[in-house]
Amino acid sequence: MAPFGCPLSCEPEALPTRRGRLKILMLRLSKLSLSFTVLAAVTAFPAAGQTPAPAASATVAKAGDAQEGLAAFYGTRLNGRKTANGEKYDQNAMTAAHRTLPFGTRARVTNTQNNRSVEVRINDRGPTQPNRIIDLSRAAAAKLGMLRAGNVPVRLEVLSAAPAAEPRRRAQ
């Protein structure tokens, strides 16, 4: 095969024009880009039924560890969807998402503007926004008095740390 899919017996007139060659090149690049996108999506998520382990940069949490930063809460549109640990998100439960704390860790979150606090259990990964440290369920946000504000400054204290999950190996 000659370049651009033309058999060796092609006459010079049958070769694609510059515009035709560009179209062929763009088509090949888009197929390659799609392949890389699918590959990235497949490798980014754990196999079905596996719980993702905390981020590799996570430090082991101990009771008494604390963080300060912004908190937000999950919208109602996520109610009933699966969380990262496999349970269904319940907007009426006292749960939260944290980037690195192990699932099952209990933490006290205190709104530093009004000193209200609530105890939550970590059952999801997040937040996705870089300026936030925790995403709370709607019920936890209501107890903290932050439903109208959306984002509020909080202090997060680890009450009891769950054991860190061992990294799961893929089935072979």
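The values are calculated or read from the model by the stated rules, or taken from the named source; none is laboratory data. None of the values given here were measured: they were computed from a predicted structure. When we count neighbours, we look across all protein chains shown, and the Cβ atoms used for this are built from the backbone with ideal geometry, even at glycine.
Structure summary
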item: Selected residue [among the aliphatic types (A, V, I, L, M) and in contact with a Phe, Trp or Tyr (Cβ under 7 Å, 6 or more places away or on another chain)] from L101, L78; result: L78
item: Identity of the residue in the stretch 79-102, buried (at least 19 other Cβ atoms within 10 Å of the Cβ) and among the polar types (S, T, N, Q), that ends up nearest to A142 (Cα to Cα); result: Q91
item: Filtered residues of the stretch 123-146 (kept if assigned to a loop (DSSP other than H, G, I, E, B) and over 17 Å from Y89 (Cβ atoms)); result: Q129, P130, N131, G145, M146
item: Elements of type strands (runs of 3 or more DSSP E) contained in the stretch 53-122, each with 2 or more residues being under 16 Å from the mean Cα position of the chain (by Cα) and modelled with pLDDT of 90 or more; result: 66-73, 95-97
